[in-house]
Amino acid sequence: MADTPEQQLAKLRAQLAKLDRAMASGVLTVEQADNAGRITYRSYAEMRQARADLVRRIGDLEMQSGGVSRRRRTRQVVMTSRSGW
């Protein structure tokens, strides 16, 4: 039986959380989300690339299932204010 988009999304988020924990600890081996095996990365750069791919896949699934708009990265924040003087 195929997973629903919500189940797939939950699995991808669990996988992303495990990858984030491994990246924070400096370990290059990560257990899969369903505990079926392990993934060993060659370098931290490869882990960052896998993380970016997971984030993209999660965003795509969110768009398909709920119509949630994709988050945008902000490169520059401009603040303006007005003095009362």
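The values are calculated or read from the model by the stated rules, or taken from the named source; none is laboratory data. Keep in mind the model is a prediction, meaning the values are calculated, not measured. We work out accessible area using only protein heavy atoms, side chains counted, and drop any ligands, DNA or RNA first. Shrake-Rupley method; radii C 1.70, N 1.55, O 1.52, S 1.80 Å.
Stretched out straight at 0.36 nm per residue, the stretch from A36 to R13 would grow longer than its current Cα-Cα span by 6.7 nm.
Taking the inverse of the mean reciprocal distance over all distinct Cα pairs, the Kirkwood hydrodynamic radius of the range 12-56 comes to 10.3 Å. T80 contributes an accessible area of around 130 Å² to the protein surface, as traced by a 1.4 Å probe with all chains present.
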